[in-house]
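S.K.: Quick one: structure below, then a few questions.
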Amino acid sequence: MLAKKLPIPSAIEMNLIPNPENLAYTLIKLVIDDILTQAVSNVSSNTFISASSMSLDTFENLRGQCNSQKMSSSRFCILNNILSEALGLDGRILSSPFYGQTNGDTGLHRWKDLSGFRSVSEYQDFSAGSYGV
């Protein structure tokens, strides 16, 4: 007796179309990773900040360095997980008399208008061995 043949699903039954969200995420991640790689190596000045020294005061010092280098007022900062966590532990950022910024409904830290930076964002794939700021 011959074995029963299994039906081969047609292309209509198989979803061959990739999920647009996955495509968008992959493309954006590729672009961001490339920008970060170039940003770390193609700059005139780097500032290394360790997690143990990360605080709001560190950002104030960084703001002063940016001002002395005549950087534009549209400043953005991307931090790795370790630095973002250390910065998030500074109570002055959470305190309403200072900044009053909580993490909100997102899994990654993002602060607005922090020490002269329009946006300070956490990027989970920014390696801990590279420059955090």
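S.K.: Would you confirm whether any residue within region 53-71 is among the hydrophobic types (A, V, I, L, M, F, W, C), at pLDDT 85 or above and within 21 Å of Ile28 (Cβ to Cβ)?
M.R.: no
S.K.: Further question on the same structure: Going residue by residue through region 58-76, is there one that turns out to be touching a residue at least 60 places away in the same chain (Cβ under 8 Å), farther than 16 Å from Arg118 by Cα, of a type in the set (A, V, I, L, M, F, W, C) and surrounded by 10 or more Cβ atoms within 10 Å (Cβ to Cβ)?
M.R.: Checked against the condition, which is being touching a residue at least 60 places away in the same chain (Cβ under 8 Å), farther than 16 Å from Arg118 by Cα, of a type in the set (A, V, I, L, M, F, W, C) and surrounded by 10 or more Cβ atoms within 10 Å (Cβ to Cβ), region 58-76 yields no hits at all.
S.K.: Has region 37-47 got any residue that is at pLDDT 85 or above, exposed (fewer than 12 other Cβ atoms within 10 Å of the Cβ) and over 19 Å from Asp113 (Cα atoms)?
M.R.: No, because not a single residue in region 37-47 is at pLDDT 85 or above, exposed (fewer than 12 other Cβ atoms within 10 Å of the Cβ) and over 19 Å from Asp113 (Cα atoms).
The values are calculated or read from the model by the stated rules, or taken from the named source; none is laboratory data. Since the model is a prediction, treat every value here as computed from it, not as a measurement. Cβ coordinates were reconstructed from backbone atoms using ideal geometry, including for glycine residues, and neighbour counts include every protein chain displayed.
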